[in-house]
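One structure below.
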Amino acid sequence: MSVSILDVLNVRHATYDMFSELFLYKFHEEEYNELLNKLKFLDENLSKYMEETGVNVGEIRRAFHEAKRSDYLIEYSTLFLTGMGVKPLTPVESKRMFSLMGEKVATFKYTDVVRFLKSRGIVPKMSSQFSPELDHISSLLAFMSILIEEEFNLRSSKQDAFKSVQDQKNFATTHLFSWVPDWANDVVSDPRSNLYKVVCRELDNWLKFEKDFLGER
């Protein structure tokens, strides 16, 4: 059975959205339960399609199912909020670039993210507990899902999707492929990582698929 481009876009959108949610700090129990329900839905409905891209959502769901919410809260805050450890794992592009390559590169990266967001008229939504930076990994992954949704809508209405596809390539190359794989490897290698060891392994698999997929478009 052949798979249409719209089916592929649906899977890509769902996968980026899933990873975006996984890297948001779900401090409130209701938010955490919503995340678990999303993983359950994806595992039961899209897992076979995701596995073709190298992502095993079942492994992520199992890791969260076997952990307590308190384990999640401690691990997330320890890894991503404290800035402690042999390799600080703050999941914010400009902050990582600042520590590795200096202020000039960090400023360029941040300014470019803002430019992309403004091009889609996106205004950051503030939350009471956790408002991620514009270039937080969850924000970057969410923006990719928005670009894919844009392409889906254009193709569904028989419009030209060239610019949307090019923006996906440019954004992913500049703001995901350039630093997230190394960062994800640091998370996997960190002895404090348990849940996010699994998440980041799957994220790395996903970005490998996406790099090949976008390179062929």
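The values are calculated or read from the model by the stated rules, or taken from the named source; none is laboratory data. Predicted model, so just to flag it, every value in this text is computed and none were measured. All Cβ positions, even for glycine, are placed from backbone atoms using ideal geometry, and neighbour counts span all protein chains on display. The protein model used for the area step is the full one, side chains on, heavy atoms only, and it has no ligands, DNA or RNA in it. Shrake-Rupley method; radii C 1.70, N 1.55, O 1.52, S 1.80 Å.
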List every residue pair whose Cβ atoms sit under 7 Å apart, with the two residues 6 or more apart in sequence or on different chains, where the first one lies in the range 164-179 and is of a type in the set (Lys, Arg) and the second, anywhere, is open to solvent by 40 Å² or more (accessible area, probe 1.4 Å) and in a helix (DSSP H, G or I).
-> none
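Would you point out which residue out of Ser131, Ser193, Ser138, Ser164 is under 19 Å from Tyr76 (Cα atoms), out of contact with any His (no Cβ under 7 Å at 6 or more places or on another chain), of a type in the set (S, T, N, Q) and in a helix (DSSP H, G or I)? Please lay out each step first, then the result.
On the way: Ser131 fails: in a helix (DSSP H, G or I); Ser193 fails: in a helix (DSSP H, G or I); Ser164 fails: under 19 Å from Tyr76 (Cα atoms).
Matching residue, one of Ser131, Ser193, Ser138, Ser164: Ser138.
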Assuming Glu93 fulfils every condition listed in (1) more than 19 Å from Phe177 (Cα to Cα); (2) of a type outside the set (Ser, Thr, Tyr); (3) open to solvent by less than 80 Å² (accessible area, probe 1.4 Å) apart from one, which condition is it?
-> (1)
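For every residue, the table says whether it meets (1) farther than 24 Å from Ile5 by Cβ; (2) of a type in the set (A, V, I, L, M, F, W, C).
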position	(1), (2)
Glu133	yes, no
Ile137	yes, yes
Leu140	no, yes
Leu154	no, yes
Asp160	no, no
Trp179	yes, yes
Asp186	yes, no
Options Leu117, Leu79; residue that is open to solvent by less than 90 Å² (accessible area, probe 1.4 Å), among the aliphatic types (A, V, I, L, M), closer than 30 Å to Asn194 by Cβ and within 21 Å of the chain's Cα centre (by Cα) | Leu79
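Taking Val114 as the residue in question, decide whether it is free of Cβ contacts under 8 Å to residues at least 40 places away in the same chain and part of a helix (DSSP H, G or I).
Numbers: free of Cβ contacts under 8 Å to residues at least 40 places away in the same chain: yes; part of a helix (DSSP H, G or I): yes.
Against the criterion (free of Cβ contacts under 8 Å to residues at least 40 places away in the same chain and part of a helix (DSSP H, G or I)), Val114 qualifies.
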